[in-house]
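The values are calculated or read from the model by the stated rules, or taken from the named source; none is laboratory data. Only a predicted model underlies this, so the values are computations on that prediction, with no experimental measurement involved. When we count neighbours, we look across all protein chains shown, and the Cβ atoms used for this are built from the backbone with ideal geometry, even at glycine.
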Amino acid sequence: MKKLIELRNVTKAFGENVVLKGINLEIYENEFVTLLGPSGCGKTTTLRIIGGFVDPSSGEVLLNEKNILDIPAHKRPTNTVFQRYALFPHLDVFENVAFGLRMHSNKVNIQMQINKLKEDYQLKIEHAQDSKTKKLLKDELNNEIELIKDPNIHLKLKIKTIKEKIQALDKTSADYKTLKENYQKEIKTIKADFETPKVREQRLTDKVMKYLAMVNLQGYERRSVHKLSGGQQQRVAIARALINEPKVLLLDEPLAALDLKLRQEMQYELKEIQRNAGITFIFVTHDQEEALTMSDKIVVMNDGEIQQVGKPEDIYNEPINTFVAKFIGESNIIEGIMIDDYIVEFDGVKYPCVDYGFKRNQDVDIVLRPEDLDIVPLGTSPISGVVDSVAFKGVHYEIDVKTKDRIYTIHTTDYQPEGKEVSVSFEKEDIHVMEKW
Amino acid sequence: MKKRNNFLSGVFISLCLLFVYAPIFSLVLFSFNANRSLTTWGGFSFSWYGELFKSREIMSAVLWTFIIAVLATIISVIIGTFAAIALAKNKRLFKNIVLNLNNIPIVNPEIVTAIGLLLLFQSLRLQGGYGTMLLAHIAFCTPYVIITVYPKVKSLDPSLIEAAQDLGATPMRALYYAVFPQIKVAIFAAAAIAFTMSFDDFVISYFTAGSTGTNISIYLYTLKRGIPPTINALSTIMIIVVSIAVGFNFILTRKQYKKEIQE
Amino acid sequence: MFQGPLSIAKREKRKIKAKPYTFLGIPYYVLLTSLIVIPLILIIFYSITIQEQGLYYKFTLDYFTQFFSEQEFVRVMADSIILAIITTLICLIIGYPLAYYITKRRPITQAILILLITAPMWINMLIRTVAWKQIFDMINPSLLGSDFAIILGMVYVFLPFMVLPIYTVLSKIDPLLYEASADLGGSNMKTFRKVTLPLSISGVLSGITMVLLPAATTMVIPRYLGQNRVLIGTLIERKFYDSGNWGYGAAIAIVLSLIIMIMVFFTKKLDRNKEIEHDEKT
Amino acid sequence: MKKILGFIVLSVSLITLAACNTNSLKVFSYGDYIDPQILRDFEREFGMPVKLIPFDSNERALTKMKLEKFDVVIPSDYAIEQLIKEDMIQPIDWTKITNLNKETSFPLELKSLLNDLKEDENPLDLLEYMVPYFWGNMGIVYNTEKVSLADLEQYEWDIFNQTNLPAVIYDSSRDGFMMALKHLGYSMNSNVTTELTEAEAYLTTIAKKNNVVFLTDEILDDMLTTKYDLVQAYSGDAVYLMDKNDKLNFYVPEVGTNVWVDGMVIPKNAEKVDLAHEFINFISSYEMALANTEYVFYQSPRKDVYEYMITSDDYAHLREAYQVKRNLNDEIFRYVPEVKKIVDDAWLKIITN
C-alpha cells in the first residue's frame, strides 16, 4: 500500500494550552483509520490540522510526500463530515450535495484548475529528458488549458472544417443542395454535443443523483435538510463530502449524535461506502466499540500523544499500557512483577506467561480481559473469592468476584448466584504484561 | 368571555391606530388645500404639488436625504456585517471591549454624538457638507447594524463556514454562499433600521452638515416662514410611497404565510 | 468523563482557523476609533479645558461648576428629564397592551398591524411633529406650549420605539408556555403576571431606553409644540452656535450623558437581575 | 454583488463631485431672503449657477464663515462691523456697482444713519465694505381689535409688561435687551454693567409672565391667524403679516428702537470676486430691487424703490411698516464683544425661566 499522508512531529498549542505534543503518523491509501481517545486528547485537532482548519504550531503534514501546510482548506484534496453535519440550512438536500460541484465549476476555479495544470506540467517538463518531449508536453498543456477555457473547442474546430467544406463545394453541381444539407445536419449533431450550461447542469444532476443513491437517499433531493432524521442528515453530509472525490475523507465523530441502533447501522454502511469508494477514511471517535468495528488501523491518543497504533485485534489483545487497556474494552488491571522471561508474579503467586524481554523483577501491569476469565469450582485454581454481583448483559453475564486482594470482572455465559464461593482461572496466553505507565 | 376580550382589544388597537394616523390624515388633507393655510379649508387644489416640484431647494433636500440614506445604509450594512462576522471569531476580551464601545452611540443621546462629530470635523478642519454628513450617518448607523447582525452571526454553527471551505469555496465565497443566505434576514432588518434612522435624522445632520448640506429635516427646521403646504404635498407623496412599499411587503408576507401553512 | 455533552460544549469553544475573516473587521475598527471613540474624547477634552493663548490648553472644571450654579439651566435639565420620564411611562402604558393585544391576533393580522404602527416612522419626524402643531392650531391653539402638547408630541413620535421591542419579545414567547400555565390552573391574569410579564421584561427595558433617550434631548418637539421652549437639547445647541461657547456646551452634554447612562445602567441592571431569577427558576 | 459595488462607487464619486463642485457662485444669506427668480435671472444672464446657502442667525453665519468659503454674504450691520474688525471681508469696489451711487441712491433716513455712524466717537464706514441690501427697524405688530394705539403710545415698549394679552418677544438676546434698555432710557449699545443688570431683571419679570413667549420666525405663520395680540417684530415681517392679515398694524415706539441695515459683503477668501460684484450690482438695479422687496417684504435701500413703496396706492395698507421713521433715540447695533457674551448668557437664563 502506498503512503498517502504523513504527520511529522506535529504540535499544537492554543495559548498556554498544549493540545498536541508531537504527533508522528503515517496513513496509507484505502485505509480506514480511526483516531480514538477521550475528549481533549487532541484527536479532533489532529483531524482539523489535516483538513486545513487549524495550523499546527510546529511540524509537517505531508500528502504524497509534499508539505500541504501552505494549502488552504478549500484547495486540499480532503473533505470532511462534520460532527453535527454542518448541512447548509438554506439549501435543500440536492443543493447541499451539489455545493462542492458548484464551487468547483466557475470562473475562479477555472483559473485555479489552469494554475494547477501548469504546476503539474511544469514538474513534468522539468523532468523531461529531451527538448522534443518538452515541446510535446508544452503543446499538451496548452491544449488542456484551451479545453478548460472552452470545453467546446474541438467541436467548434470540427464545425469550422465542415463549414469550409461547404464553402468549397461547387455551387453549380447537381447535388450541391443535398450535400450542403448533409453537412448542415452534421453541424447540428455536433452542436447537440456542445457543452452548454444546460448540459453541465444535467451532468451535475446526474452526479448528485448517483451519490444520493449511494447513500440511499433517492427521492429526498428536494427535501429541506431540517426535515430529515439524524441518520438521513448524516448520509447527506457523507454524500456531500464524497461528491468531490477527495483522496481522504475526514469524519469528526459523525455518529455521536445518532441513537444506538442507527449508529450500528451507519457503522456498517460507512465501512461499505469506504470499500466502494476506495478512498482513505480518517475517523475520529471516542467510542472504542465503533473504532474496533470499522477500522483497519486504530490510533489511540491521550493527552496530545499517540499511545498506540495498530490493527484493532492487536490493540485489543496487546494493549501497550494501562491507558490503552482501560480505554479499549473492559479489563482487570493488576500490578505485578516480571520475575523473569515467561514468569510473572502478582498477588503473591507466580504464573507462567507468554511475555518476555522485560528486566528481571521489573514492576509491570497485567491485563486480564473479563471474557478470558472463567469461573471454576472452588479450589480448582489459586484465586478464590465470593460472587459479589451479577448483571445480565444479553449474551453473557457480568460477574464480579471479590477475592482477598481485588475484584475481578468476569464475562461468562454461566449463571452464578450472588454469595457463592468460587475460584477464577485463566490460561497463560490470557495474561497480557505491559510496562508500567 | 374571550369574544368580549377580543372586541375590547380591537377597540384599543383601533384607538391607537387613530392616534397614529389622525395627524397624517390632516397632513394629507391640507396638501390639497387651495389656500396657504394649514388649518382652514379653502377648497380643493393640486397647486401645492406643482409648487413642490418647482422648488429647487425642496427637491434637492429630498434628493440628498435619499442619497445619504441609501449610501449610509449600504456602507454601514457592509461594514457592520463584515465586522459582525469578524467579531464572532475574535477573542472574548477583544469582542467585549468592541461591543461595549459599539454601544456608546446607542446609549448616548443623539445630541452628544452630534457635537462629538462636530468637534471632530472642526478639529480636522473638514469643511461641513454632504461628505461629513454621510460620515456622521455611517457612524451612527453602523452600531445598529452590528447589534442587529452580530447575534445572528453568533448563533450560526461555526462549522458551516468550514464545511463550505472544505467543499472548495474560497473564504470569501464561503461567506457569500454559506453565511450570507443565513443572516440575510438580519441584514435586511439592519438595512431597514439604518435607512429609517438616516432618512429621519435631524440632530446629527444639523450639527455635521455645515451650511452647505441640507436634508429634509434641516430644510424644515431652518425655514423662515413656517411650514408651507408644499411640505404637506411632499409628505403625502412620501406616505404614498411608504404605503406602496408596505402593501408590497404585506403581499409578500401573506404569500410566505400561505406557503408556510401549506407546508 | 470521556464522553457526553461536556465534550461537545468544549469543542464549540475551540479556536477555529479565523485569520481570513478577522481582517473583515478592520474598516469597522477604524470607524469605531475615529468616529465614535475620538469624538467622545474630544467632548470630554473640550469640557475640561480652556484655551489660553494659541495652542495652550489649561485644565478647568469651571464649565461644570458654572452649570450647576445656574439654577435656570439645572431646571431645564430637570424639566427635560422629567418630561422624558413621563413620556416614557405613557408610551409604556399605551405600548405594552398594544403590543400584547397584537400578539393575540392571527399572524397575518399581526404583520399588518406592526407595519401600520411602524410605517409613520418613515415620514420625517419634523413633518409628523408639525402635523400635530396643525391639529392643535385647529382644535385649541392655547394648548401649544404646554407640557401636555410636548408630551403628546413625544408620545406620538416615540411610541413605535416602545411597541416594537416589546412586540418582538412577546411574539417569541412559546405559546406552549401559555398552555402549560393554563394547564397548571393559572388564570389569565395569573398567567400574564407569572409568565408573560417576566419574559417580556427585556423588551420593556429596551423600549424604555429607546424612548427615554431621544425624548430627553429632542430639539424639534419643544420648538414646534412647545412654542420654542428651551429644553436641554436646545440649550446645548444654543451654547454651541449662538454663544460659540463649545466648552460649556460640551460640559452640559457630558452631564446629560452621565445622567442618561446612569439611568440606562440601572434599567439594565434590573434586566440582569430578572434574567438571573429566570435562570434560577428554569 | 458587483452591481451593488458599482452603485457604491458611482454614488461616492457623485458625492465627491458634488462636494468639490466649486463652479457656482456661493451666496450665504438668511433663509428665504432673496426672490429665487432673481437668482434664476442672474444665472441666465451670467451663465453661472448660484448656490444659495441659508443661515438662521448672524452669529451662526460668522462661525460658519470661518470654516467655509462664500462669494457673497448678507449679514447685518453689527455682524459686518465684526467682520471688518476680524479682517474677514474685503472693501467693495464701487466702480463696479454701476446701478447705485454711494451718495445719491439711498433714502435720506438711511443716509443719515450711515453718516451718523461715520461721525460716531467710534467711527465706522459701513459703505466701504458693504452694499445695503435691505433695511428697516423694529417695532410692535399688534392686533387692532384688542390693542389701542393710545395704549401703545402711552406704554411704548413697556406694553409687554403691562398687558396680559398673548404676546411674543423676539427670541434674540440683542433685540430683547434693546427693548429693555430703550424702555429704561439707556443706549442699546450700553456696556454699563448696572444698566445691563437692570435690563436683565426687567426682562426676567416679563419672561415670568404666562402670556409672553419667545419666538422668532414662527410668528410669520402664527400671526396669520392672530394667535398673539402683541408681537415684537422687524418691519419687514410686519409688512408681510399686515399684507396677509388686515387686523394687524405696526407701531414703532418713540423712546427709540433699533434701525438696522443688512448689507452684501464679499469675504476675503471669496473665489469669484468679480462675479460677486456683478451679482451685487445685478441685484441692486431698480427692477431687481423692486422685485426683491415685493417678494421678501423688506424695505429696499434704493431711494426710488423706497419711495414707490411708501407712496404707491397698492401698498397703502402697509405704509406704517414700510416707512422707516427715524426717532431721536434710534440707534444702530454696534459690535461690542464683551457685552455680547454677557447678554447671550443672560438671555438664555431669561428665556429658560
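Do we have B:Leu93 as more than 9 Å from every other protein chain (Cβ to nearest Cβ) and either closer than 30 Å to C:Tyr21 by Cβ or free of Cβ contacts under 8 Å to residues at least 24 places away in the same chain (or both) here? Against the criterion (more than 9 Å from every other protein chain (Cβ to nearest Cβ) and either closer than 30 Å to C:Tyr21 by Cβ or free of Cβ contacts under 8 Å to residues at least 24 places away in the same chain (or both)), B:Leu93 qualifies.
Answer yes or no as to whether A:Ile49 is within 26 Å of B:Asp157 (Cα to Cα), surrounded by fewer than 18 Cβ atoms within 10 Å (Cβ to Cβ) and within 13 Å of chain C (Cβ to nearest Cβ). No: the conditions fail for A:Ile49. Residue count for the range D:150-208 under the criterion of being over 17 Å from D:Trp260 (Cβ atoms) and not β-branched (Val, Ile, Thr): the result is 32. Output yes when any residue across the range C:74-81 is assigned to a helix (DSSP H, G or I) and in contact with an Asp or Glu (Cβ under 9 Å, 6 or more places away or on another chain), and no when none is. Within the range C:74-81, one or more residues are assigned to a helix (DSSP H, G or I) and in contact with an Asp or Glu (Cβ under 9 Å, 6 or more places away or on another chain).
Pairs linking a residue in the range D:134-157 that is of a type in the set (A, V, I, L, M, F, W, C) to a residue that is surrounded by fewer than 13 Cβ atoms within 10 Å (Cβ to Cβ), with Cβ atoms under 8 Å and 6 or more positions apart or on different chains, do not occur.
For the range D:38-84, the set of residues classified as among the β-branched types (Val, Ile, Thr) and more than 11 Å from chain B (Cβ to nearest Cβ) consists of D:Ile38, D:Val72, D:Ile74, D:Ile80, D:Ile84, listed by residue number. Among the residues of the range A:312-336, those identified as buried (at least 19 other Cβ atoms within 10 Å of the Cβ) and small (Gly, Ala, Ser) are A:Ala325, A:Ser331, A:Gly336. Taking each residue of the range A:208-235 that is within 14 Å of A:Arg84 (Cβ to Cβ) and modelled with pLDDT under 90 and looking for partners that are of a type in the set (D, E, K, R) and part of a helix (DSSP H, G or I) with beta-carbon atoms closer than 8 Å, six or more apart or interchain, yields A:Gly231/A:Glu265. For the range D:307-353, filtered to residues that are among the acidic types (Asp, Glu) and without any contact (Cβ under 8 Å) to a residue 60 or more places away in the chain, the residue that is surrounded by the most Cβ atoms within 10 Å (Cβ to Cβ) is D:Asp345.
So which residues in the range B:213-222 are in a loop (DSSP other than H, G, I, E, B) and surrounded by fewer than 22 Cβ atoms within 10 Å (Cβ to Cβ), if there are any at all? Scanning the range B:213-222 gives a single hit, B:Thr222.
Condition first: over 20 Å from B:Ile115 (Cα atoms), free of Cβ contacts under 8 Å to residues at least 60 places away in the same chain and among the hydroxyl-bearing types (Ser, Thr, Tyr). Can you find one or more residues in the range C:90-98 that meet it? Scanning the range C:90-98 turns up no residue that is over 20 Å from B:Ile115 (Cα atoms), free of Cβ contacts under 8 Å to residues at least 60 places away in the same chain and among the hydroxyl-bearing types (Ser, Thr, Tyr). Within the range D:317-353, which residues are within 20 Å of the chain's Cα centre (by Cα), part of a helix (DSSP H, G or I) and away from chain C (no Cβ under 14 Å)? Passing the criteria: D:Leu318, D:Arg319, D:Glu320, D:Ala321, D:Tyr322.
Where helices (runs of 4 or more DSSP H) sit wholly within the range C:153-222, those with at least 3 residues that are out of contact with any Gly (no Cβ under 8 Å at 6 or more places or on another chain), in contact (Cβ under 8 Å) with a residue 60 or more places away in the chain and surrounded by 22 or more Cβ atoms within 10 Å (Cβ to Cβ) occupy C:197-217. Among the criteria (1) at the interface with chain B (Cβ under 10 Å from one of its Cβ atoms); (2) in contact with a Ser or Thr (Cβ under 8 Å, 6 or more places away or on another chain); (3) among the hydroxyl-bearing types (Ser, Thr, Tyr), the one A:Ser58 does not fulfil is (1). Being facing another protein chain (nearest Cβ under 9 Å) and at pLDDT below 90: is that true of B:Ala88 here? Against the criterion (facing another protein chain (nearest Cβ under 9 Å) and at pLDDT below 90), B:Ala88 qualifies.
Within the range B:138-150, residues that are facing another protein chain (nearest Cβ under 10 Å) have Cβ atoms under 8 Å from residues that are assigned to a helix (DSSP H, G or I) and of a type in the set (Ser, Thr, Tyr) in these pairs: B:Ile138/B:Ser76; B:Ala139/B:Thr113; B:Phe140/B:Thr113; B:Thr142/B:Ser76; B:Thr142/C:Tyr28; B:Val145/B:Ser76; B:Val145/B:Thr81; B:Ile146/C:Tyr28, counting only partners at least 6 apart in sequence or on another chain.
Output the helices (runs of 4 or more DSSP H) that fall wholly within the range B:44-109 and possess 1 or more residues being in contact with a Ser or Thr (Cβ under 7 Å, 6 or more places away or on another chain), or say none.
B:47-54, B:56-88, B:104-107
Looking only at residues of the range B:154-169 that are surrounded by fewer than 24 Cβ atoms within 10 Å (Cβ to Cβ) and more than 7 Å from every other protein chain (Cβ to nearest Cβ), we find that the one that is nearest to A:Leu101 (Cα to Cα) is B:Leu156. Tell me which residues, restricted to the range C:34-44, are more than 7 Å from every other protein chain (Cβ to nearest Cβ) and under 23 Å from the mean Cα position of the chain (by Cα). Selection gives C:Ile41, C:Ile44. Only a single criterion out of (1) modelled with pLDDT of 85 or more; (2) closer than 25 Å to D:Lys227 by Cα is not satisfied by C:Met138, namely (1). C:Val230 meets the conditions (1) more than 10 Å from chain B (Cβ to nearest Cβ); (2) crowded, with 20+ Cβ neighbours inside 10 Å; (3) in a helix (DSSP H, G or I) in every case but one. The failed one is (3).
Where helices (runs of 4 or more DSSP H) fall entirely within the range A:268-351, those with at least 2 residues that are within 20 Å of A:Glu427 (Cα to Cα) and under 26 Å from the mean Cα position of the chain (by Cα) are at A:312-317. When you look at A:Lys404, is it over 30 Å from A:Gln307 (Cβ atoms) and assigned by TED's automatic domain parsing to the domain that holds A:Ile383, yes or no? For A:Lys404, the condition - over 30 Å from A:Gln307 (Cβ atoms) and assigned by TED's automatic domain parsing to the domain that holds A:Ile383 - is met. The criterion of at least 1 residues that are within 30 Å of B:Ser159 (Cβ to Cβ) and in contact with a helix residue (DSSP H, G or I) (Cβ under 9 Å, 6 or more places away or on another chain) is met, among helices (runs of 4 or more DSSP H) falling completely within the range A:73-161, by A:93-104, A:107-127. For the range C:138-150, residues that are surrounded by 22 or more Cβ atoms within 10 Å (Cβ to Cβ) and among the β-branched types (Val, Ile, Thr) total 1. Taken as a whole, the condition of being farther than 30 Å from C:Val163 by Cβ and surrounded by fewer than 15 Cβ atoms within 10 Å (Cβ to Cβ) does not apply to C:Leu42.
C:Leu115 passes every criterion in (1) in contact with a Ser or Thr (Cβ under 9 Å, 6 or more places away or on another chain); (2) surrounded by fewer than 20 Cβ atoms within 10 Å (Cβ to Cβ); (3) touching a residue at least 24 places away in the same chain (Cβ under 8 Å) apart from (3).
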